[in-house]
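Report on one structure; see the data block that follows.
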Amino acid sequence: MQKLIEIRAYNLKPGTRAEFHRVVVEESVPMLKRWGVDVVAFGPSLHDADSYYLIRAYASLADRQSSQDAFYSSAEWRQGPREAIVSKIDSDTSIVIKVDLSVVNSMRQEETVNE
């Protein structure tokens, strides 16, 4: 079985990664999971102090689009952690690829990544 994974890479404003990570761990990821989003992994990138990643899995491109449309237009997101997240991002990009479910499962985090 195959899944789509989206790898979102964030370039954060200098000095904001620790607070960004806190908001992701405490607010954003729990909210994504409540909305049924399959959060595979997330955390600070190893290569510099201002990069971060989020990996999510979807059944299809249509599933990704409808899931993100619903989540990002929700009052819970807009009135919740949106500003705390967006204000710390300089830029971001997403890469979407198809992989075997075994690859997705091998990438899953079992516990929270520490800053």
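Can you give the FRET efficiency for residue 98 and residue 27, using 1/(1 + (r/R0)^6), R0 = 25 Å, r = Cβ-Cβ distance, to the nearest 0.05? Once rounded, the FRET efficiency stands at 0.25.
Ordering 102, 68, 42 by Cα displacement along the dipole of the chain toward the positive end leaves 68 in first place; charges were set at the Cβ atoms of Lys, Arg (+1) and Asp, Glu (-1).
Each of residue 2 and residue 63 was given a label point 7 Å from its Cα along the Cα-to-Cβ line. The distance between the two points is 1.4 nm.
Considering only 21, 93, 2, and ranking their Cα positions along the charge dipole of the chain that arises from unit charges at the beta-carbon of Lys, Arg, Asp and Glu, the one farthest toward the positive end is 2.
Placing +1 on the Cβ of every Lys and Arg and -1 on the Cβ of every Asp and Glu, with no other charges, gives segment 2-107 a dipole of roughly 120 debye about its Cα centre.
Normalised by residue number, the volume inside the convex hull of the Cα atoms of the chain is 100 Å³ per residue. Which FRET efficiency, nearest 0.05, do residue 13 and residue 47 yield, Cβ-Cβ r, R0 22 Å? E between residue 13 and residue 47, to the nearest 0.05, is 0.80. Helices in the chain, meaning DSSP H runs of at least 4 residues, each add -39500 (n - 2.57). Divided by all residues, the mean residue ellipticity at 222 nm is -9000 deg cm²/dmol. Taking label points 7 Å from Cα along the Cα-to-Cβ direction, residue 75 and residue 87 give a separation of 2.2 nm.
Read-outs throughout are calculated quantities, based only on the coordinates presented, and are distinct from any laboratory measurement. Because the structure is predicted, anything quoted here is derived from the model rather than measured. All Cβ positions, even for glycine, are placed from backbone atoms using ideal geometry, and neighbour counts span all protein chains on display.
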